[in-house]
1. If you go through the range A:62-70 one residue at a time, do you hit one that is within 18 Å of A:ARG103 (Cα to Cα) and within 14 Å of chain B (Cβ to nearest Cβ)?
2. For the range B:294-321, how many residues are at the interface with chain A (Cβ under 10 Å from one of its Cβ atoms) and either within 30 Å of B:ARG181 (Cβ to Cβ) or not in a loop (DSSP other than H, G, I, E, B) (or both)?
3. Restricted to the range A:71-83, and to residues that are open to solvent by less than 50 Å² (accessible area, probe 1.4 Å) and more than 14 Å from every other protein chain (Cβ to nearest Cβ), which residue is farthest from the chain's Cα centre (by Cα)?
4. If A:LEU269 passes every condition in (1) open to solvent by 60 Å² or more (accessible area, probe 1.4 Å); (2) part of a helix (DSSP H, G or I) but one, which one does it miss?
5. Of everything in the range B:58-82 that's open to solvent by 10 Å² or more (accessible area, probe 1.4 Å) and outside any loop (DSSP other than H, G, I, E, B), which residue is nearest to the other protein chains (Cβ to nearest Cβ)?
6. So, of the residues in the range B:203-220 that are surrounded by fewer than 22 Cβ atoms within 10 Å (Cβ to Cβ) and more than 13 Å from every other protein chain (Cβ to nearest Cβ), which turns out to be nearest to B:THR308 (Cα to Cα)?
7. How do the pairs read when you match residues in the range B:115-136 that are more than 17 Å from B:CYS68 (Cβ to Cβ) with residues anywhere that are of a type in the set (Lys, Arg), using Cβ under 7 Å and keeping only pairs 6 or more apart or on different chains?
8. Any residue at all in the range A:24-35 that is buried (at least 23 other Cβ atoms within 10 Å of the Cβ), at pLDDT 90 or above, within 14 Å of another protein chain (Cβ to nearest Cβ) and touching a Lys or Arg at 6+ places or on another chain (Cβ under 6 Å)?
Amino acid sequence: MPDRKQENPLRVGLANRAMPEPCSVVIFGATGDLTHRKLVPALYNLAVDGTLPQPVNVVGFARRDKDDATFRAELGEAAARFSRQRISEDTWAAFAGQIAYHRGAFDDADAYRSLAERLDRLDRERGTGGRRLFYLAVAPDQFPVILENLRASGLTRAPSGGWARVIVEKPFGTDLPSARALNELVEGAFPESETYRIDHYLGKETAQNIMVLRFANAIFEHLWNARYISHVQITASEPLGVEGRAGYYEKSGALRDMVQNHLLQLLCLTAMEPPAGLDADSIRDEKVKVLRSLRPLEGADVARYAVRAQYGAGAINGKRVAAYRDEAGVAPESATETYVALQLAIENWRWAGVPFFLRVGKRLPKAATEIAVHFKGAPPVLFHAAGQSIDDNVLVIRIQPDEGVSLRMSAKLPGAALRVEPVKMDFHYGTSFGKATPEAYERLLLDAMSGDATLFARRDEVEEAWKFIDRIRQAWDESPDDLAIYSAGTWGPTEADELIKRAGASWRRL
Amino acid sequence: MSAVDPMEGAGLPVEIGRIDRELGRLWEEAGESKTRASLLNLVLYTEDPAAVAPNTNLISELATEHACRAILILAEPAASPTRARAWINAHCHFAGKREICSEQISFHLQGEAADALPGIVFSHLDSDLPLCLWWQAGFRENVDEKLWAWVDRLLFDSAVWTDPARGFAATRAIARLGDRRTVLADLNWARLLGARFALAGLFDSPAAIAAIPSIESVRIGCGPGHSTAARLLLGWLASHFGWKLEGSRALRAGGTEIRLEIAEEAAGSWGIVSCELAGPGFSARIARSPAHYDCRLLLPGQPAQHTTAAAGRESFRDLIISELARGGRHGQYREAAAAAFPG
């Protein structure tokens, strides 16, 4: 009897990371947008790069009636459109040969039983050894029925030598109670160690680079505290409106859609202490400590430290755009926020007294996600004494687009006079490392197949984030009249400018 | 009819002592419309005059992926009279709205000027950036320690060596010099990546892993002139399976023998045309087609498995781009080369 845990010796040292074992990837919501735009192109790119284990069975599970060939053809068109690498007919044909379609309604117990039989058969025929990754690429309201049926059909129990994992797409609930309920539900089907909550921001190269920048460069970590840093700004802006997602966005709003997950994750990576190791739990332990150290925003503090707003009509790139309330599917009296600005305090030794400003918005002038660390100014002597205004140093980590890092510093303007001007040292990923950066989903899918949860959110992270967000949400729900309006194409409401001005700072001009 | 200058197209001729000043002027004239970028020093050394133009074109392509200071050196030690000349050039491409540029400095060193190679390289490096040297000539008996000890990554192509044993010994000696220990990046090895992935893919299942001890023979078909690549592939298999190569056979730790065969096949110009590992009722075989490897696995009592795997990169451009993007020390290469070409 072969040792099933034995490693393939030829894989040793072949790639920079451990190659996952052959497995089956079952995608619920196989005919949906996420599967077509992200998941299948990501799997194909992994196959092209030779980092996808062989064999991999990709089984799409959805309601619509179609056969394997039709499903493959549809995915082929999607891959040709959305893959970052050109489609080679041969490679696609070989990859597509591993794709199958399993028709079934999410609430049809028989469909799960036949899925189990199909996966068993594939394990026997193709040596995938009972290793199964279930990807819930569906709306959250479908999670319960799928998880319950997976559990009832026995698919959540890994066969001997195999494993059964689940990837859950955000949002992980809509508030703390629903997140807890969802987590209970997931936990009833899969243990926490086999649960992978995706936040695709964490799969981005620059987000992963935050830890490298902080902990592999000795010059920064010594300055990374309240003694040298005046404040931190984290921004996620986009010119897009709701783009056909009004149904979802009306219930969610910017606070739940962006702040609870992406922005708080970036905050954690920026503010956390050095982890004990690079393993998933060491890193996630430190992130949770940051969330627990956040001073809660509640009651009157919400009005003082949080701004919410909604875009009115305006212009983006010279083109007129409608107000949020005039978008299709949005209620005419909607109070959903499309913009949020927050001033947060982290109550620990490192960050005491350092405000963290978060802002996120739709229909802002440009797309940009970045973390800007503003350092305290030089002592007010010498050049300041000569009456010159000298800008503080700012370290900017650009997450998207134009990923990179820049440092603003002061330099003497050439000439006989002593004039000091800000200059920028700039590092661009695109310039330095070329263009072929893998998509976040490629990294995340590979990690889930390999059992590496470092870039996935743990249950306590998610719940701590909701605990913090719910207090703000509750205060807003109790005072529905304080929703500000900003014109589309501007950088948000004046209330947000005033929020940061009270702390003696101003929003970065992006 | 006058002979064509091999350095034609190398850029603006400059005095060697004024290279930095002229480069500075080049960027001044470009104003703010161009951004100079550099992440590494890429030095290309050739003794073939016909290689200058293709190398310049290649640098232009490489610079779009790896911003660098490129130094191209044509050395003709046997030429007369002794003479050293230099040229500067810039390769620019658009990254979004920005025009990104890499510099190229070219040298033509004739006669005794070729001995000035280390000084030429040292005095024109972008400081603090890694030095990658692509050595396109044969390795001499006595290595120049002053030069080699500075090299972070030495690129070469063992496929063109007429005496592989000597070449591997020379590169091993270079890798032992200096404190940092130079990383050896053999393009012949890099070309094997597709074949290695394809073969590895056949041994992912526990049943295939269990069949490894039953392998009785290995046959590698290679393109004409690619026997060094085939031998390196054998070395890789041997180092991972715990075999010791002895001529046309390999020995397992227990002393059992595996038959080895390397045969040149005219089926294509690829390095590795096919590779089959076989035992009783077991066969793992990859066979090359223009775009991919056709991979077939036969295990006792199991249905045949058929997949394809990407052929991998083969052009100089792709290989160098991939090598420059790669960190790490190529530990697998060292082991494979040591198994295939001991000494």
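1. Kept after step one, since they are within 18 Å of A:ARG103 (Cα to Cα), are these residues of the range A:62-70: A:62-70.
Pick out the ones that are also within 14 Å of chain B (Cβ to nearest Cβ) and you get none.
No, because not a single residue in the range A:62-70 is within 18 Å of A:ARG103 (Cα to Cα) and within 14 Å of chain B (Cβ to nearest Cβ).
2. Qualifying residue count for the region: 11.
3. To start, the set of residues in the range A:71-83 that are open to solvent by less than 50 Å² (accessible area, probe 1.4 Å) comprises A:71, A:75-76, A:78-79, A:83.
From what's left, more than 14 Å from every other protein chain (Cβ to nearest Cβ): A:71, A:75-76, A:78-79.
Details: A:PHE71: 28, A:LEU75: 24, A:GLY76: 26, A:ALA78: 23, A:ALA79: 22 Å.
This residue is A:PHE71.
4. Going through the list (1) open to solvent by 60 Å² or more (accessible area, probe 1.4 Å); (2) part of a helix (DSSP H, G or I), A:LEU269 breaks only (1).
5. Taking the range B:58-82 first, the residues open to solvent by 10 Å² or more (accessible area, probe 1.4 Å) are B:58, B:60-61, B:64-66, B:69, B:76-82.
Narrowing the set further to residues that are outside any loop (DSSP other than H, G, I, E, B) leaves B:58, B:60-61, B:64-65, B:69, B:76.
On the way: B:LEU58: 15, B:SER60: 14, B:GLU61: 11, B:THR64: 7, B:GLU65: 4, B:ARG69: 13, B:GLU76: 34 Å.
It comes out as B:GLU65.
6. That would be B:ARG219.
7. B:PRO118/B:LYS146
8. yes
The values are calculated or read from the model by the stated rules, or taken from the named source; none is laboratory data. Please read all numbers here as calculations on a predicted model, not as lab measurements. All Cβ positions, even for glycine, are placed from backbone atoms using ideal geometry, and neighbour counts span all protein chains on display. Ligands, DNA and RNA are excluded from the accessible area calculation, which covers all protein heavy atoms including side chains. Shrake-Rupley method; radii C 1.70, N 1.55, O 1.52, S 1.80 Å.
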